[in-house]
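Everything below concerns the one structure shown next.
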Amino acid sequence: MSARCIVPPYLLQRLAESRPEAAAWLERQLAHDDDVRLQRTLTVPAAASGESWVVHDAGHGSTLPGRVVRRPGQPASGDVAVDEAAEGVAGALALYADVYGRDSYDDAGATVVATVHYERDYDNAFWNGTQLVFGDGDGEVFGRFTAAVDVLGHELTHAVTERTAGLAYEGQSGALNESISDVFGSCLKQRLLGQDAVAGDWLIGAGLFLPGVQGRALRDMAHPGTAYDDPRLGQDPQPAHLDDYVETTDDNGGVHINSGIPNRAFQLAAVAVGGSSAEGAGRIWYAALTGGLSSRTDFAGFAAATVAAAGEHADAVEEAWRTVGVTPQSATSGAGQPPPASPERSERTVRVRRSGGFAGLVADGRVDLDADDTRGPELAQLVDRIDLREVRAGEPRPDMYVYAFDLCGDTATVPEQHLTADLRRVASLVLEG
Ligand SMILES: [Zn+2]
């Protein structure tokens, strides 16, 4: 839905002056207005509305984007998730504009749309190709996903990556996609706190865990694999070295797991380059990201691009990559791409495995239809009428869940955005039972 606004000529002129990237479009509007000499009703697309961001409220439903609740220039709403989203998005846009000269995620002033209060007990945040979405958490392990500003920076960076290198969201290129989001999320947090690379805590998602969870954060860029160790969550699975690269069919090939390797390379480079992470190593990583990489770039290829962009810091950057086991080497093809998911087959069992969310956690459940389980009859009916061959596979989206279904031997892997109502119900019954 596009916004309908009454835009007087003087406002168009001011917009043109303040937003050079939109000047051509605005000039056309002005030329047209010169004939009319009246205020006119224009249909202004969201991306050209002149607003840098808008926060919406989904009211715990799943319809996006939801009701508009805050725009730039408006005072704090009093809803903490709304205000955290507003401040985080504004801060991330300022990081990209001030340090890298980038005008929003598309470098053409697109309005960033963010929605909070998505669904109920929703333990995730994601970029769906159009907008940012944040859940409030389940209230037991996770609180709201806007509570850590690096999560806001992480999600907006997925939009930047999509519009630049377009790194394929699986295997090594997917782990790089994830890592780059952690890199600039972390740069944002340190910038807002006025910290340099040495002072930064390098934690991703600190503040998301509720009291009682044994963990500092979801990921630790300086010490991958040590962020949490909790009876409910297990242990942080991130490797810190290429020797420990995890081959898995979960999580689009472990994109939230293997990102630990390039994350640590950035942290080491940021400390070696010195100064603020955003203005030091961050500039080098940004130049690599926007320098014409192929979508299947692997760790070695990205490392080579950062070394090439590092100027006087080339040796320090190369040393950072070598420390995590990566030898910078350009023009290598995408290694480590995962085979398609293939859950164990079984005749009268329904199994659902969910992976791929921001937190990198896996939920797995199974129900034996022949056992005495109250969910059995409804599941049997659902399995009877679901034809997995009709389900769209589709491209994975950053931080959206991926579901692997095994319906009595029929298997399929389905990204969250392509779940049918029946599959959603199966997942809900099997995972929440
Ligand atoms: Zn992500």
Quiz item: Which condition number does Ala217 fail, the rest of (1) within 15 Å of the ligand (Cβ to nearest atom); (2) not in a loop (DSSP other than H, G, I, E, B) being met?
Solution: (2)
Exercise. Give the residue that is nearest to Tyr401 (Cα to Cα), with candidates limited to residues of the range 116-142 that are open to solvent by less than 10 Å² (accessible area, probe 1.4 Å) and more than 16 Å from the ligand (Cβ to nearest atom).
Key: Gly137
Practice problem: Say whether the condition of being more than 12 Å from the ligand (Cβ to nearest atom), in contact with a strand residue (DSSP E or B) (Cβ under 7 Å, 6 or more places away or on another chain) and not in a loop (DSSP other than H, G, I, E, B) is met by at least one residue in the range 91-111. | Solution: yes
Quiz item: Here are some conditions: (1) among the small types (Gly, Ala, Ser); (2) under 20 Å from Phe302 (Cα atoms); (3) surrounded by fewer than 24 Cβ atoms within 10 Å (Cβ to Cβ). Ser173 meets all but one. Which one does it not meet?
Solution: (3)
Quiz item: For Asp123, are the conditions met, namely being under 22 Å from Arg232 (Cβ atoms) and of a type outside the set (Lys, Arg)?
Solution: yes
Exercise. Read through the list (1) within 28 Å of Gly311 (Cα to Cα); (2) in contact (Cβ under 8 Å) with a residue 12 or more places away in the chain, then give the number of the only condition that Leu193 fails.
Key: (2)
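Any idea how many residues of the range 422-433 are at pLDDT 90 or above and surrounded by fewer than 20 Cβ atoms within 10 Å (Cβ to Cβ)? Before the answer, list the steps.
Let us first name the residues in the range 422-433 that are at pLDDT 90 or above, namely 422-431.
From the residues that got through so far, the ones that are surrounded by fewer than 20 Cβ atoms within 10 Å (Cβ to Cβ) too are 422, 424-425, 428, 431.
Residues that pass the stated criteria total 5.
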Self-check item: Count - residues of the range 402-416 that are surrounded by fewer than 16 Cβ atoms within 10 Å (Cβ to Cβ) and either free of Cβ contacts under 8 Å to residues at least 60 places away in the same chain or out of contact with any Asp or Glu (no Cβ under 9 Å at 6 or more places or on another chain) (or both)
Solution: 1
Self-check item: Exclusive hit being outside the structural domain of Phe134 (by TED's automatic domain parsing), touching a Lys or Arg at 6+ places or on another chain (Cβ under 8 Å) and in contact (Cβ under 8 Å) with a residue 60 or more places away in the chain, set Gly282, Gly200
Solution: Gly200
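Does the range 112-123 contain any residue that is assigned to a strand (DSSP E or B), more than 22 Å from Trp285 (Cβ to Cβ) and hydroxyl-bearing (Ser, Thr, Tyr)?
yes
Can you work out which of the residues in the range 385-419 that are hydrophobic (A, V, I, L, M, F, W, C) and outside any strand (DSSP E or B) is farthest from the ligand (Cβ to nearest atom)?
Of everything passing the filter in the range 385-419, Cys408 is farthest from the ligand (Cβ to nearest atom).
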Quiz prompt | Pairs with Cβ under 9 Å, 6+ apart, first in the range 351-372 and without any contact (Cβ under 8 Å) to a residue 12 or more places away in the chain, second within 13 Å of the ligand (Cβ to nearest atom) and among the basic types (Lys, Arg) | solution = none
Quiz item: Here are some conditions: (1) closer than 21 Å to Asn252 by Cβ; (2) open to solvent by less than 40 Å² (accessible area, probe 1.4 Å); (3) in a helix (DSSP H, G or I). Leu382 meets all but one. Which one does it not meet?
Solution: (1)
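Matching residues to (1) within 16 Å of the ligand (Cβ to nearest atom); (2) touching a Leu at 6+ places or on another chain (Cβ under 7 Å); (3) outside any loop (DSSP other than H, G, I, E, B); (4) not assigned by TED's automatic domain parsing to the domain that holds Pro65:
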| position | (1), (2), (3), (4) |
| --- | --- |
| Asp150 | yes, yes, yes, no |
| Leu156 | yes, yes, yes, no |
| Ala159 | yes, no, yes, no |
| Ala168 | yes, no, no, yes |
| Gly185 | yes, no, yes, yes |
| Leu192 | no, no, yes, yes |
| Pro224 | yes, no, no, yes |
| Ala240 | no, no, no, yes |
| Glu247 | no, no, no, yes |
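For Ser295, state whether it is at pLDDT 95 or above, among the hydroxyl-bearing types (Ser, Thr, Tyr) and more than 16 Å from the ligand (Cβ to nearest atom).
It is true that Ser295 is at pLDDT 95 or above, among the hydroxyl-bearing types (Ser, Thr, Tyr) and more than 16 Å from the ligand (Cβ to nearest atom).
The values are calculated or read from the model by the stated rules, or taken from the named source; none is laboratory data. Predicted model, so just to flag it, every value in this text is computed and none were measured. A quick note on method: Cβ atoms are made from the backbone with ideal geometry, for glycine too, and the neighbour counts reach across all protein chains shown. To get the accessible areas, we keep the full protein, side chains included, count just its heavy atoms, and leave off ligands, DNA and RNA. Shrake-Rupley method; radii C 1.70, N 1.55, O 1.52, S 1.80 Å.
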